[in-house]
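The values are calculated or read from the model by the stated rules, or taken from the named source; none is laboratory data. Just so we're clear, the structure is a prediction, and the values are computed from it rather than from any experiment. In this analysis, Cβ positions are derived from the backbone assuming ideal geometry, glycine residues included, and neighbour counts consider all displayed protein chains.
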Amino acid sequence: METYPARSDVISCTLTPEDLKETGKAWQKLFQLSLISRDEVPGGLRLEVHPGSADALRSLIDIERDCCRWITFELDGPAVTMTSPGAGEAAIREM
């Protein structure tokens with residue numbers, strides 16, 4: 001398991017509107033083709049995709065780590081847990 005701690009307390013996304021749209025499309029495609037489970041956990045969400053989509057998940061998490069620095073990511077192969085305290089928890093669940 002790889003843990004990437006939050007690097008900011010400010011809840012914001014630094015993607016441009018165009019990049020946000022493209023990243024959103026990539027997430028939707030991954031969910032439609034590969035999502036096994038989406039579970040609420042204390043502080044946020046845990047997502048699991050088919051093992052063959054682990055690289056696609058990692059690529060999206062790399063983008064999210066850069067633009068949403070307020071989230072802690074725990075990546076474990078085809079699964080990721082994303083958490084944040086306080087208002088960040090609700091923001092994660094809305095993603």
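Assorted remarks:
- Lone unmet requirement of (1) within 16 Å of E94 (Cβ to Cβ); (2) in contact with a helix residue (DSSP H, G or I) (Cβ under 9 Å, 6 or more places away or on another chain); (3) not basic (K, R) for I63: (1)
- Qualifying residue in segment 9-23 (condition: surrounded by 13 or more Cβ atoms within 10 Å (Cβ to Cβ) and touching a residue at least 60 places away in the same chain (Cβ under 8 Å)): yes
- Every condition in (1) among the acidic types (D, E); (2) at pLDDT 95 or above; (3) over 20 Å from T3 (Cα atoms) holds for E94 except the one numbered (2).
- In this structure, E40 does not satisfy being surrounded by 12 or more Cβ atoms within 10 Å (Cβ to Cβ) and either in a strand (DSSP E or B) or among the acidic types (D, E) (or both).
- Qualifying residue in segment 6-25 (condition: in contact with a strand residue (DSSP E or B) (Cβ under 9 Å, 6 or more places away or on another chain) and part of a strand (DSSP E or B)): no
- On the stretch given as segment 68-79, residues that are among the aliphatic types (A, V, I, L, M) and in a strand (DSSP E or B) total 2.
- Residue among L45, L33 that is hydrophobic (A, V, I, L, M, F, W, C), assigned to a strand (DSSP E or B), surrounded by 11 or more Cβ atoms within 10 Å (Cβ to Cβ) and free of Cβ contacts under 8 Å to residues at least 60 places away in the same chain: L45
- Check on S84, at pLDDT below 95 and polar (S, T, N, Q): no
A quick yes/no check of all residues on (1) surrounded by fewer than 19 Cβ atoms within 10 Å (Cβ to Cβ); (2) in contact (Cβ under 8 Å) with a residue 12 or more places away in the chain; (3) part of a loop (DSSP other than H, G, I, E, B):
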| position | (1), (2), (3) |
| --- | --- |
| D55 | yes, no, no |
| D62 | yes, no, no |
| D66 | yes, yes, no |
| T81 | no, yes, no |
| A90 | yes, no, no |
